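Notes for the one structure printed next.
The values are calculated or read from the model by the stated rules, or taken from the named source; none is laboratory data. Because the structure is a prediction, the values reported are computed rather than measured. Backbone-built Cβ (ideal geometry, glycine too); neighbour counts: all protein chains shown.
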Amino acid sequence: MIARNVTVAGRRTSLRMEPEMWDALQEAAAREGLNLHDFCTGVAKKRGGYSMTAAIRVHLLNYFRDASTEAGHRAAGHGKAKAKR
């Protein structure tokens, strides 16, 4: 587990997550053209009753699930699609 500080809505907070979750968070933020802090602020605005860390995990799960469409699998060359060689 890695603890890092992020600024959410102008307030500094600490998050503790696995290295893979930090990688996924950085990747999703970059794909959205946001820095880590702005991405986390967006998640915080719709987190409901979740803790901030749980809200980020759930958001990332849904983010990458939404991205894993059949068209996405074809473009990546895996899933049911034929691999490009």
Practice prompt. Return a yes/no flag: does the range 19-27 have any residue that is modelled with pLDDT under 95 and surrounded by 12 or more Cβ atoms within 10 Å (Cβ to Cβ).
Written response: yes
Going through the range 60-85 in order, the residues found to be at pLDDT 80 or above and part of a helix (DSSP H, G or I) are LEU60, LEU61, ASN62, TYR63, PHE64, ARG65, ASP66, ALA67
Residues in the range 40-59 that are in a helix (DSSP H, G or I) and farther than 18 Å from THR7 by Cα total 1
When (1) closer than 16 Å to ALA54 by Cα; (2) small (Gly, Ala, Ser); (3) in contact with a helix residue (DSSP H, G or I) (Cβ under 9 Å, 6 or more places away or on another chain) are applied to ALA3, the one that fails is (3)
Notebook entry, point to check: Does GLY49 count as surrounded by fewer than 13 Cβ atoms within 10 Å (Cβ to Cβ) and over 18 Å from TYR63 (Cβ atoms)?
Noted result: yes
Yes/no for HIS37 being at pLDDT below 95 and in a helix (DSSP H, G or I) = no
